[in-house]
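These notes concern the structure reproduced below.
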Amino acid sequence: MPGAPPGQRDYSSVRLSRHALERFVERFAVEPELATDEFRRVLARTRRLGRNPDNGAIAVLGIYRERALVAILHQATCLTVLTWSQFVPRLAEFGRTRLPRKWGRMLRRLSGEV
C-alpha cells in the first residue's frame with residue numbers, strides 16, 4: 001500500500017489492542033472477522049487531531065463507511081476507537097480548543113475525494 005497523501009498519516013502498522021477492535025466492531029457495526037483488515041484500512045489514511053500532554057497519547061481522525069472515527073494511539077498501539085460525537089467532549093484533552101477548520105474538506109480528503 002502506498003504511503004498516505006500529503007497532510008495525512010499512515011498508522012496501519014500499529015498494534016491493535018483487543019479493546020480497540022471490540023469497540024470498532026461495536027460502534028461501527030463491523031463483522032468481527034473483518035474488523036482487523038477494515039480497521040487497518042481506515043488507519044492507513046488518517047489526520048492527526050492532537051496530543052494529550054499528560055500521557056503522550058495522540059488522537060487521529062479516520063473515515064469508515066462515510067462516518068468519522070477517532071483512534072487513540074499510545075506509542076505503537078491503538079488503545080481505543082471513538083465515534084466523533086464521543087470524542088468532541090475530549091477535544092481539550094488533546095490540545096484543541098475548538099473543532100478543526102474546514103471540516104468538510106478534511107473529510108473529503110480522508111475519504112479519497114478531492
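The values are calculated or read from the model by the stated rules, or taken from the named source; none is laboratory data. Just so it is clear, the model here is predicted, and its values are computed rather than measured. When we count neighbours, we look across all protein chains shown, and the Cβ atoms used for this are built from the backbone with ideal geometry, even at glycine. What goes into the accessible areas is simple: the full protein's heavy atoms, side chains included, and nothing from ligands, DNA or RNA. Shrake-Rupley method; radii C 1.70, N 1.55, O 1.52, S 1.80 Å.
Being touching a helix residue (DSSP H, G or I) at 6+ places or on another chain (Cβ under 8 Å), within 14 Å of LEU110 (Cα to Cα) and of a type in the set (Lys, Arg) narrows it down to one residue among ARG41, ARG45; which is it? Show your work before the answer.
Working: ARG41 fails: touching a helix residue (DSSP H, G or I) at 6+ places or on another chain (Cβ under 8 Å).
Going through ARG41, ARG45 in turn, just one is touching a helix residue (DSSP H, G or I) at 6+ places or on another chain (Cβ under 8 Å), within 14 Å of LEU110 (Cα to Cα) and of a type in the set (Lys, Arg): ARG45.
Could you check region 1-37 and list, in sequence order, the residues that are of a type in the set (Lys, Arg), at pLDDT 95 or above and under 22 Å from LEU49 (Cβ atoms)? Steps first, answer last, please.
Taking region 1-37 and keeping what is of a type in the set (Lys, Arg), we get 9, 15, 18, 23, 27.
Next cut, at pLDDT 95 or above only: 15, 18, 23, 27.
ARG15, ARG23, ARG27, listed by residue number.
Does any residue in region 21-32 that is more than 14 Å from GLN86 (Cα to Cα) come within less than 6 Å, Cβ to Cβ, of a residue that is among the β-branched types (Val, Ile, Thr) six or more places away or on a different chain, and which pairs are these?
Short answer, once both residue conditions are applied: PRO32/VAL25.
Would you please list the contacts, defined by Cβ atoms under 9 Å and residues six or more apart or on different chains, that run from a residue in region 46-62 that is at positive phi to a residue that is of a type outside the set (Asp, Glu) and open to solvent by 80 Å² or more (accessible area, probe 1.4 Å)?
The qualifying pairs are GLY56/GLN75.
For region 47-71, give me each residue that is among the small types (Gly, Ala, Ser) and crowded, with 22+ Cβ neighbours inside 10 Å.
To start, the set of residues in region 47-71 that are among the small types (Gly, Ala, Ser) comprises 50, 56-57, 59, 62, 68, 71.
Passing the criteria: ALA59, GLY62, ALA71.
Filter region 9-45 down to residues that are hydroxyl-bearing (Ser, Thr, Tyr), in contact with a Ser or Thr (Cβ under 7 Å, 6 or more places away or on another chain) and farther than 21 Å from GLU66 by Cβ, then give me how many there are. Step through it out loud before you land on a result.
Within region 9-45, the subset hydroxyl-bearing (Ser, Thr, Tyr) is 11-13, 17, 36.
Those left that are additionally in contact with a Ser or Thr (Cβ under 7 Å, 6 or more places away or on another chain): 11, 17.
Restricting the remaining residues to those that are farther than 21 Å from GLU66 by Cβ gives 17.
Residues in region 9-45 being hydroxyl-bearing (Ser, Thr, Tyr), in contact with a Ser or Thr (Cβ under 7 Å, 6 or more places away or on another chain) and farther than 21 Å from GLU66 by Cβ: 1 in total.
Across region 84-114, what is the number of residues that are open to solvent by less than 20 Å² (accessible area, probe 1.4 Å) and either among the acidic types (Asp, Glu) or under 13 Å from PHE24 (Cα atoms) (or both)? Write out each step before concluding.
Our first condition is that a residue be open to solvent by less than 20 Å² (accessible area, probe 1.4 Å); within region 84-114, this holds for 87, 91, 94, 100, 110.
Still in the list and also either among the acidic types (Asp, Glu) or under 13 Å from PHE24 (Cα atoms) (or both): none.
Residues in region 84-114 being open to solvent by less than 20 Å² (accessible area, probe 1.4 Å) and either among the acidic types (Asp, Glu) or under 13 Å from PHE24 (Cα atoms) (or both): 0 in total.
Given the residues ALA20, ALA29, ALA44, ALA4, which is the only one that is exposed (fewer than 12 other Cβ atoms within 10 Å of the Cβ) and of a type in the set (A, V, I, L, M, F, W, C)?
Values: ALA20 fails: exposed (fewer than 12 other Cβ atoms within 10 Å of the Cβ); ALA44 fails: exposed (fewer than 12 other Cβ atoms within 10 Å of the Cβ); ALA4 fails: exposed (fewer than 12 other Cβ atoms within 10 Å of the Cβ).
Exactly one of ALA20, ALA29, ALA44, ALA4 is exposed (fewer than 12 other Cβ atoms within 10 Å of the Cβ) and of a type in the set (A, V, I, L, M, F, W, C), namely ALA29.
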